[in-house]
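Notes follow the structure.
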Amino acid sequence: MAPRCRARRLTGWRATPQSFPSRRIPAETCSTLGAAGPTLAQNANDPLEGWNRVVFGFNEGLDAAVLKPVASGYKKAVPELVRTGVSNFFGNFGDLWSAVNQLLQGKPIAAAQMTTRVATNTLFGIGGLFDVASDLGIERQKSDFGLTLGHWGLPAGPYIVWPLLGPSSLRDSAALPLDLSWRPATLSDDVPTRWGISALQLIDVRASLLSAGNIIDEIALDKYVFIRDGYLARRRSLVYDGNPPDLPDAESTQDGPNDPPTDGPKVGPTAAPK
């Protein structure tokens with residue numbers, strides 16, 4: 001007779017929450033998953049994020065439909081030597097505005113260096129078509145009126161995205177009329193010529209960003225946030241001549257008197273080296 005196996009009843013045991021391993025997802029995992037897509041979490045520097053994303057989407061659509069194809073065609077059709085000359089010409093014109101702003105920021109040495117750069121490229125570089133100054137070690141130190149306002153303590157303010165013009169801030173937006181007035185196109189009284197020069201400058205800038213744009217498309221989980229944070233961080237670094245003080249709040253990239261202790265570049269013996 002084969003032995004019978006009887007099931008043994010477990011007594012004195014009952015199911016409790018501790019009887020099974022936890023299936024809760026760690027908070028850090030949730031944060032990582034959340035970062036994989038666009039969110040509208042409030043950012044102290046971007047209170048207009050909802051509106052900014054709408055404008056950003058418009059700019060992206062316009063770029064994909066018009067600007068990027070035109071810039072790609074320009075890069076393929078125009079010889080590199082000619083494209084470099086066009087970039088050098090516009091860059092040389094912008095260098096003079098940089099010299100003015102370096103002087104307004106109380107940096108006479110930088111202003112003199114930029115003035116020397118412009119004179120060298122204008123005289124020996126055939127009106128700026130060739131960048132002779134860089135070959136001589138006279139490096140470009142770009143500046144604009146927005147950085148001048150930041151240098152004297154005006155905070156950046158909210159982040160703003162403008163149609164066609166792209167990322168900016170309240171401070172940089174206030175400086176835009178002056179910055180945009182300093183362009184080669186403004187030298188001509190002929191309207192079609194103005195539009196032609198402006199279009200060429202826009203195409204030149206977009207063509208120079210083709211490679212960078214492709215990289216951003218590949219690595220950015222949220223392109224809007226990537227560009228916003230990069231823009232604010234870069235502008236803050238430029239205000240402090242590449243040596244910004246530590247931020248009290250890791251999520252804030254504001255600069256100016258409203259962000260103690262980083263209340264703008266110090267003027268006097270404690271100033272960061274220019």
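Using the alpha-carbon centroid of each, what span in Å lies between segment 137-179 and segment 46-67?
That distance is 19 Å.
What ranking of 115, 186 emerges when the number of other C-beta atoms within 10 Å of each C-beta is taken as an exposure proxy, fewest first?
186, 115
Choose one of 92, 61, 73: the residue whose Cα lies farthest towards the positive end of the charge dipole of segment 40-140 (beta-carbon charges +1 Lys, Arg; -1 Asp, Glu; about the Cα centre).
73
Among 49, 60, 218, rank each residue by its count of other Cβ atoms within 10 Å, from fewest to most, as a rough exposure measure.
Ordered from fewest to most neighbouring Cβ atoms within 10 Å, 49, 60, 218 come out as 218, 60, 49.
Among rounded, prolate and oblate, which fits segment 52-239 when a ≥ b ≥ c are the square roots of the eigenvalues of its C-alpha gyration tensor, a/c under 1.5 means rounded, and a/b larger than b/c means prolate?
Judged from the Cα gyration tensor, segment 52-239 comes out oblate (a/c at least 1.5, b/c at or above a/b).
Would you work out the charge dipole size for segment 43-145 about its Cα centre, treating the Cβ of every Lys and Arg as +1 and the Cβ of every Asp and Glu as -1, and quote it to the nearest 20 debye?
180
Within a 10 angstrom radius of the beta carbon, how do 136, 149, 238 rank from fewest other beta carbons to most?
Ordered by Cβ neighbours within 10 Å, fewest first: 136, 238, 149.
Specify whether the C-alpha gyration tensor of segment 129-216 places it in the rounded, prolate or oblate class, a ≥ b ≥ c being the square roots of the eigenvalues: rounded for a/c under 1.5, otherwise prolate if a/b is larger than b/c and oblate if not.
Taking the square roots of the gyration eigenvalues as a ≥ b ≥ c, segment 129-216 is rounded.
No lab work stands behind these numbers, since they all come straight from the coordinates. Not measured: the values here are computed from a predicted model. Cβ coordinates were reconstructed from backbone atoms using ideal geometry, including for glycine residues, and neighbour counts include every protein chain displayed.
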